[in-house]
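Below is one structure, written out as structure tokens, with a few remarks after it.
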Amino acid sequence: MLRATMTAMADSNLIKSMVTGFPLTRSVVDRFVAGETLDECLVRVRELADAGLLATIDRLGEDTTNRQQAEETADAYVELIERLHAEGLTDRVEVSLKLSAIGQFLPEGRELALANALRICQAAADAGTTVTFDMEDHTTTSSTLGLLAEVRERFPQTGAVIQAYLRRTRDDTRDLATEGSRVRLCKGAYEQPASVAYKTAEEIDRSYVDCLRILMEGPGYPMVATHDPAMISTALSLANVTRRAVDSYEFQMLFNIRPDEQRRLSELGHQVRVYVPYGTDWYGYFMRRLAERPANLFFFLRALVGRR
Ligand SMILES: Cc1cc2nc3c(=O)[nH]c(=O)nc-3n(C[C@H](O)[C@H](O)[C@H](O)COP(=O)(O)OP(=O)(O)OC[C@H]3O[C@@H](n4cnc5c(N)ncnc54)[C@H](O)[C@@H]3O)c2cc1C
């Protein structure tokens, strides 16, 4: 219900201009976003690295409306990767990429997104790091996985993302659980119709656990993206039962969400990667974080009326 309302709000240009134009919004956005510039983001990433955490950087932007914007986004990713290389961070930091940002939704977007994705993956391979393709709403799932399969022919280390809330995901997980395959399993952040997605927390959690089991028992590299204590504990048990080495899977969490748990798992010897978004186009990401948790929305509304 909250997610449906927030998604409708997110699509409204009027709401967008109100939210982004309101001065106090910025202080709440800072809770979820690591800055507007790459320099600001890298300060946060270094702090995480100093605390023993890995990172994946997302350059925010999903409203790409023309070819030039798609190319500029790809250029910015290449620059980001070169910067990571120059600063000696590529053994700890990779990048996350939304195919919509590099042109997937434009006319002839498939070829454009593929060319841009290959360019970014080549830069990552040259720099000694990896790229993971974020997953967006269900209308893009097949095309994103299809494009990923093509990219993996040249760059097999490219990471996939699957969303447990989709009814199709158990099948997708079986297809992706292959030798060396890096797969991020998350619950899913977009509002989806019941025809394609589970709607109750119980169904989503059941699907998450089933997919987690397939990944942990398989020969790939599971990336367990959740803040949910029950899912984390199931992942730890499965890793134990399947006798996985600690470097054969990782936990992933979002920037500034449950940071104590990120550090706790890391101190126990597990690999923990933090998803670090930066950039000026933070609106879509921010609205999804509000939609995930009523407390975030109340925090935001309180800030708007000046009682923070
Ligand atoms: C590394 C990473 C990458 C992701 N990539 C994608 C992607 O490509 N596509 C996609 O659709 N989704 C993605 N997501 C988002 C994901 O699908 C969920 O929407 C989000 O992680 C919340 O689900 P949860 O598993 O944490 O469980 P939930 O049951 O939603 O939350 C469990 C607990 O985590 C904490 N928590 C969860 N969300 C928040 C929040 N916003 N603010 C504060 N606390 C919170 C709360 O304590 C909550 O009780 C990603 C998530 C992570 C961690």
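Observations
- In the set (1) surrounded by 18 or more Cβ atoms within 10 Å (Cβ to Cβ); (2) away from the ligand (no atom under 11 Å from the Cβ); (3) not hydroxyl-bearing (S, T, Y), the condition left unmet by P219 is number (1).
- Only one of A291, A225 that is in contact (Cβ under 8 Å) with a residue 24 or more places away in the chain, within 25 Å of L53 (Cα to Cα), within 15 Å of the ligand (Cβ to nearest atom) and of a type in the set (G, A, S): A225
- Scoring A149 on the criteria (1) under 21 Å from D175 (Cβ atoms); (2) crowded, with 19+ Cβ neighbours inside 10 Å; (3) away from the ligand (no atom under 16 Å from the Cβ) leaves a single failure, condition (2).
- Any hit, the stretch 187-203, residues being in a helix (DSSP H, G or I), in contact with a strand residue (DSSP E or B) (Cβ under 8 Å, 6 or more places away or on another chain) and closer than 28 Å to M287 by Cα: no
- Test: residue in the stretch 245-261 that is in contact with an Asp or Glu (Cβ under 6 Å, 6 or more places away or on another chain) and either within 12 Å of the ligand (Cβ to nearest atom) or not acidic (D, E) (or both): no
- Restricting the stretch 152-179 to residues that are in a loop (DSSP other than H, G, I, E, B) and hydrophobic (A, V, I, L, M, F, W, C), the residue that is nearest to the ligand (Cβ to nearest atom): A164
- Selected residue (only one of D50, D30 is at pLDDT 95 or above and acidic (D, E)): D50
- Residue count for the stretch 39-58 under the criterion of being of a type outside the set (G, A, S) and touching a helix residue (DSSP H, G or I) at 6+ places or on another chain (Cβ under 6 Å): the result is 1.
- Hits in the stretch 107-136 (condition: in a loop (DSSP other than H, G, I, E, B) and surrounded by fewer than 18 Cβ atoms within 10 Å (Cβ to Cβ)): P107, E108, G128
- The set of residues from the stretch 16-38 being in a helix (DSSP H, G or I) and in contact with a helix residue (DSSP H, G or I) (Cβ under 8 Å, 6 or more places away or on another chain) comprises K16, V19, T20, T25, S27, V28, V29, L38.
- Here the stretch 176-198 is the region considered, the condition is being surrounded by 13 or more Cβ atoms within 10 Å (Cβ to Cβ) and more than 18 Å from the chain's Cα centre (by Cα), and the residue that is farthest from D247 (Cα to Cα) is V196.
- Among residues of the stretch 49-61 that are touching a residue at least 40 places away in the same chain (Cβ under 8 Å), those with a beta-carbon under 9 Å from a residue that is aromatic (F, W, Y) and assigned to a strand (DSSP E or B) at least six positions away or on a different chain give the pairs A55/Y275; T56/Y275; I57/Y275; I57/Y278; D58/Y275; D58/Y278; R59/Y278; L60/Y278.
- All conditions but one from (1) surrounded by fewer than 20 Cβ atoms within 10 Å (Cβ to Cβ); (2) among the charged types (D, E, K, R); (3) in contact (Cβ under 8 Å) with a residue 12 or more places away in the chain apply to R243; the one that does not is (3).
- Taken across the stretch 59-67, residues that are surrounded by 15 or more Cβ atoms within 10 Å (Cβ to Cβ), under 17 Å from the mean Cα position of the chain (by Cα), farther than 23 Å from A160 by Cα and not basic (K, R) do not occur at all.
The values are calculated or read from the model by the stated rules, or taken from the named source; none is laboratory data. Predicted model only: the values in this text are computed from it and were never measured. Here the Cβ is made from the backbone with ideal geometry for all residues, glycine too, and neighbour counts use every protein chain on show.
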